[in-house]
Structure formats: structure tokens, C-alpha cells
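Participant: Sharing a structure below in C-alpha cells format, with a few things to ask.
No value in this document is a laboratory result; all are computed from the given coordinates. Since the model is a prediction, treat every value here as computed from it, not as a measurement. Cβ placement follows ideal geometry from the backbone for every residue including glycine, while neighbour counts extend to all protein chains displayed.
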Number of protein chains: 2
Amino acid sequence: MTYCVALKLNAGLVLLSDTRTNAGLDNISTYRKMFFFEEPGERVIAIMTAGSLSVTQTTIARLQEAIDHPDSGEHNSIMKASSMLGVVGVIGETLSRTRREIAAQHADLRQSQASASMIVAGQRAGGEMRLFLIYPEGNHIEATEDTPYLQIGEHKYGKPILDRVVTPATSLEDAQKAVLLSMDSTMKSNLSVGMPLDLAIIEKDACQISAKRRIMQSDAQFSAMSDAWSEALREAFVQMPL
Amino acid sequence: MTYCVALKLNAGLVLLSDTRTNAGLDNISTYRKMFFFEEPGERVIAIMTAGSLSVTQTTIARLQEAIDHPDSGEHNSIMKASSMLGVVGVIGETLSRTRREIAAQHADLRQSQASASMIVAGQRAGGEMRLFLIYPEGNHIEATEDTPYLQIGEHKYGKPILDRVVTPATSLEDAQKAVLLSMDSTMKSNLSVGMPLDLAIIEKDACQISAKRRIMQSDAQFSAMSDAWSEALREAFVQMPL
């Protein structure tokens, strides 16, 4: 499984993904699930993926092919789409087509084995920051003021903390804490989500990746935060009247 | 949906269930999901149910029928079984048979529509406290020192808090806080779990229900606890270094 979460805040976009991929419990690997497409100052697009690795890798490869070789069969470059809505349309169409082709070519695959979803975040110069979730069928929803975050994969464990602390006014620093704690709760309760993590920040109107960080198992800062949060929760729990 | 959680602690058993039942989002009702079978001082059995209301109601009715009318077709009374293992065996057999019969009689039902699971907690005089989870197929697992809690229904939202604070040494008072906060997180993130709640305590070796409480939407104590926890979480979050 997977857990990816993204926030759309007044100050920018914050993305976090894990890297654990499993084909059964005894076949666990590490694969990046966060991908960037960037022309600094003009546009930045970040994609996070969940679901069949075969579908997501092929989809990302086709998006890259359309950028690198516009004469190939893949001719809709997300770097040329005139808006983020156009970008998410191209990605949705590519995901849906790839999923259907893989399922059709491999009749033994169950429906769920050839399924995938994606989160797309980004901004074009002159446009707004936008954050979308693309379903396996290719259609999408968008984050709003009311619900400023989107999740894919194992989303339930990490949802309560987001519901409690995230609003559009949340600072980028607090937002990083929120997504890391949301991921921490998920990893503590579900083995199929695991380190290392990929974190990215896209500041408003920067139209480029403002910061990215790979957080390894040995990351002292993350461990300290995780321990501090456990301790704070236990302390709050003990202090709380019944 | 449903959320039911039970803890087996050194000091006793703690059970909490919600009461929301839905057939589609536009057909929401309140049904008790916690049932007691008790001969004070001799044995106490508490059952919590999740899944198809048709299956769980029929199963509970058959268990009651076997107690009230031993000459009926239902002749295995859980009040006569010689151990908690015997009790859980009877309940598992009754659940599995009921589920299969309902599915067989109503061919249009999808498999998932005629499915149900149960948590069974209790003690017989001279025996140990025991806590079981019964799967739709009738087989069961048991809570242990390592994992002193069991959940059925929408279990993911409320698992992180249990993983962090519950051990067999947890006091009955702290245990009530833990299950109520676990439920609170679940209700905040999932509309299909809702008030009122049923809470029950079975103290070790009492062989009877030591306390039970129905918590209504208007319950000031629960609201205060929920608010205090949200506040404590937000405070801990703000204080925490990134």
C-alpha cells in the first residue's frame, strides 16, 4: 500500500509520500511515488501515485515521453498544457488509458490489481495554485477552502490529525508538522506504509519546487518529532479528565 | 458502518460501541450493537456486533431463543457452555449458520451484504476473563498481552490512539478515556459512525456488568472530554518543534 497526502494552503502546497511497495507481505520494495515536472518560474507540477506500480510507472513514463518526444504516440505534453486544469486532464486521460490497456492485455489481472490513483499539485505563472485527486477512471476532484487536503492510499489512520489542525491559514512550517505526524500515525498502525519519505514544498507563486527532502529511517529530526508527539499525546492523555 | 472496540486489561474488560446503522447514506437509524447475557456472580457475556443488521439481529435472537426455549431448534445455550471458549464456539457457529442461511435464501444479496463480525467478552466464575473477535465465517481470534484490544467495523481512524496508550496495565479509568477518544476520532472522520454510544465495564472476577452507560449526543462530560482532547492536541502540535 501507500500513503500520500497534500495540502493546499494560502502560503503554498505541501506534499508528502511514503515509498513502500509490496506484492504480498513477503515482497517489499522501495519505489519513489513523488514526481516533479518543472520549468522554474513558468510552471511546476508535482504528481504522487498510489496503486498498481505497473500502471503508475507506465503512466509517468508516458507523460515523460510526451515531453521528451512530442513526435511519439504520446503528444499531449503536460509542460505545454495552457492551465493546471489542462494538465490534470492530460494526466487523467493517460492514467485511465494506461489502466485500461494493462487490464485488457492481461486478462488474469483482477480489476483492483490494475488500478491506481494520483494526486496532482502545481501552478502556472499567472494562474492559481491547484491541487487535484485523479481517480482510476481518470476523473478528478479538487481541494477547496473547506477541505484543503487530499489523500490517496491508506488514508484513514492519518486523517484525524489533519481534520483537527489543518486550515488554509496553516503556515508552511505547521503544515510540514501536520503531514509528517499524519504519516507517522499511519506508519505506526500499518506496516504496508514505510520509510523513507519524500517531502516537497511549493511556495505560492514561486512556480518551482521551493524545498524537497528525503527522510530516511535514520533521520534524527523525524525520530525526535515522532517521539515528542507520542510523549505529548501520552502526557495530554494522562492530564485529561474523564 | 459501525465502530466497536474492546480492551482486555489486568483490571477488567472495557467495551464501547456506537449505534449508527445505515442502508445507504440517506437511511440512517439507531440500533444497539452491544448485548449482555448475565447470571451475576456465575457468568457475564457481552457481545458487540458489526455488519449486516439482518444477520446480527437474527444471530442475537437465536442465542436468546436457545436460552429461553431450550426445546426449540436452538439448543446450545451460551449460559450453559462450560467455558468462555465454549461460549465463543456457540456464537461463532450461530453467526456462521445465520449468515449462510440468509445468503442462501436471498440470492440477490451480495456476499458483503450478508456478512457480520462480533466481539465477545466475558468471564465465568473460576475461569479467566477472555476477549474474542469472531469473523463472519465463525472462526475467532483472541486478545493477548501483546495486543490487548480488538476492534470491528471502521477500525482504522481510532487505532493510532490505542496503539499509543493502551497496555494490559492501563487502569479502567484510563481505558475508558482511551476507547472514548478512539471513538471520538472515528466519529470526527467518518459520518457512518455516530452517537449515542454504549460503554460497559466488566471488572476482573466480578462476573457481572460492573458499570454501563449510554452516552447521548447531549452528554456534557463526553463533549468536554472531546473538546479538551482537541485542545490538548492542538496545543501539543503548536508546541512541538519541527
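Participant: Within region B:38-116, report the GluC sites (Glu not before Pro) that DSSP leaves as loop and that have at most 14 other Cβ atoms within 10 Å. Could the numbers behind the result be given before it?
Facilitator: Values: sites: B:38, B:42, B:65, B:74, B:93, B:101; in loops: B:42, B:74.
Loop-located and lightly packed - B:42.
Participant: Now a separate question. Select from A:47, A:141, A:152 the residue whose mean-square fluctuation is largest in a Gaussian network model of chain A (Cα-Cα springs shorter than 10 Å).
Facilitator: Answer for the Gaussian network model of chain A: A:141.
Participant: For region B:12-86, what relative contact order do you get, as a whole percent, if you take Cα pairs closer than 8 Å and at least 6 residues apart?
Facilitator: 17
Participant: Something else now. Using DSSP loop states and a limit of at most 16 other Cβ atoms within 10 Å to flag trypsin sites (Lys or Arg not before Pro), what is the longest stretch of chain A containing no flagged site? Write out the running numbers ahead of the final one.
Facilitator: On the way: sites that count: A:32, A:80, A:110, A:204.
In short, A:111-203.
Participant: For chain B, what is the calculated [θ] at 222 nm in deg cm²/dmol (nearest 500), taking -39500 (n - 2.57) for each run of four or more DSSP H residues and dividing by its residue count?
Facilitator: Result for chain B, helices only: -11500 deg cm²/dmol.
Participant: Continuing with the same structure: Take the alpha-carbon centre of region A:177-223, take the same for region B:7-61, and report the distance between them in whole Å.
Facilitator: So the separation of the two Cα centres works out to 39 Å.
Participant: I need the Debye-formula profile for region A:1-145: one equal scatterer per C-alpha, no solvent, reported as log10 I(q)/I(0) at q = 0.08, 0.09, 0.10 1/Å, two decimals.
Facilitator: Summing over Cα pairs of region A:1-145 leads to -0.21, -0.27, -0.34.
Participant: As a footprinting exposure proxy, order A:26, B:174 by other Cβ within 10 Å, with the fewest listed first.
Facilitator: A:26, B:174
Participant: Follow-up question, since we're still on this one. Where does region A:171-242 land on the Kirkwood hydrodynamic radius, alpha-carbon pairs, in angstrom?
Facilitator: It is 13.9 Å.
Participant: Running a GNM on chain A with Cα contacts under 10 Å, which residue among A:186, A:144, A:59 ends up with the highest mean-square fluctuation?
Facilitator: A:144
Participant: List the chymotrypsin sites (Phe, Trp or Tyr not before Pro) within region A:152-234 that fall in a DSSP loop (any state other than H, G, I, E or B) and whose Cβ has at most 15 other Cβ atoms within 10 Å.
Facilitator: In loop regions of region A:152-234 (DSSP not H, G, I, E or B), there are no sparsely surrounded chymotrypsin sites (Phe, Trp or Tyr not before Pro).
Participant: Ranking A:149, A:3 by Cβ neighbours within 10 Å, fewest first, what do you get? Intermediate values should be presented prior to the final figure.
Facilitator: Details: A:149 24, A:3 30.
Fewest to most other Cβ atoms nearby, the residues stand as A:149, A:3.
Participant: Let me ask another. Tell me, what are the semi-axes, in whole angstrom and largest first, of the equivalent ellipsoid of chain A as set by the roots of 5 times the Cα gyration tensor eigenvalues?
Facilitator: Whole-Å semi-axes of the equivalent ellipsoid: 30, 23, 15.
Participant: On to the next question. How high is the relative contact order of chain B, in percent, counting Cα pairs under 8 Å that sit 6 or more residues apart?
Facilitator: About 28 percent, as a whole number.
Participant: Per residue of region B:97-102, in order, report the coupling 6.51 cos²θ - 1.76 cosθ + 1.60 (Karplus, θ = phi - 60°) as ³J(HN,Hα) in whole Hz, putting x for Gly and Pro.
Facilitator: Calculated HN-Hα couplings, in order: 5, 4, 4, 5, 5, 5 Hz.
Participant: Using θ = phi - 60° and the Karplus form 6.51 cos²θ - 1.76 cosθ + 1.60, what ³J(HN,Hα) does each residue of region B:18-34 get, whole Hz, x for Gly and Pro?
Facilitator: 8, 9, 7, 10, 9, 10, x, 6, 9, 9, 10, 9, 10, 9, 4, 10, 10
Participant: Kindly flag which residue pairs out of B:80/B:177; A:8/B:177; A:80/A:177; A:8/B:159; A:156/A:188 have an alpha-carbon separation exceeding 23 Å in this structure.
Facilitator: Table pairs above 23 Å Cα-Cα are B:80/B:177; A:8/B:177; A:80/A:177; A:8/B:159.
Participant: On to the next question. What does region B:78-145 give for Rg and for Dmax, in Å, if only its C-alpha atoms count?
Facilitator: When restricted to Cα atoms, region B:78-145 yields Rg and Dmax of 13.8, 47 Å.
Participant: Next question. Please turn the phi angles of region A:77-92 into ³J(HN,Hα) values with the Karplus equation 6.51 cos²θ - 1.76 cosθ + 1.60 (θ = phi - 60°), one per residue in order, whole Hz, x for glycine and proline.
Facilitator: Per-residue couplings from phi come out as 7, 5, 7, 10, 4, 7, 7, 5, 5, x, 4, 5, x, 5, 5, x Hz.
Participant: About its Cα centre, how strong a charge dipole does the protein assembly as shown have in debye, to the nearest 20, once Lys and Arg get +1 and Asp and Glu get -1 at the Cβ?
Facilitator: Roughly 340 debye for the protein assembly as shown.
Participant: What shape does the protein assembly as shown have by the C-alpha gyration tensor, where a ≥ b ≥ c are the square roots of the eigenvalues, rounded means a/c under 1.5, and otherwise prolate means a/b greater than b/c and oblate the rest? Walk me through the intermediate numbers first.
Facilitator: Working: a/c = 2.54, a/b = 1.69, b/c = 1.50.
Here the protein assembly as shown falls in the prolate category.
Participant: Same structure again: Which of the three applies to region B:25-67, rounded, prolate or oblate, going by the alpha-carbon gyration tensor with a ≥ b ≥ c and a/c under 1.5 meaning rounded?
Facilitator: The shape class here is prolate.
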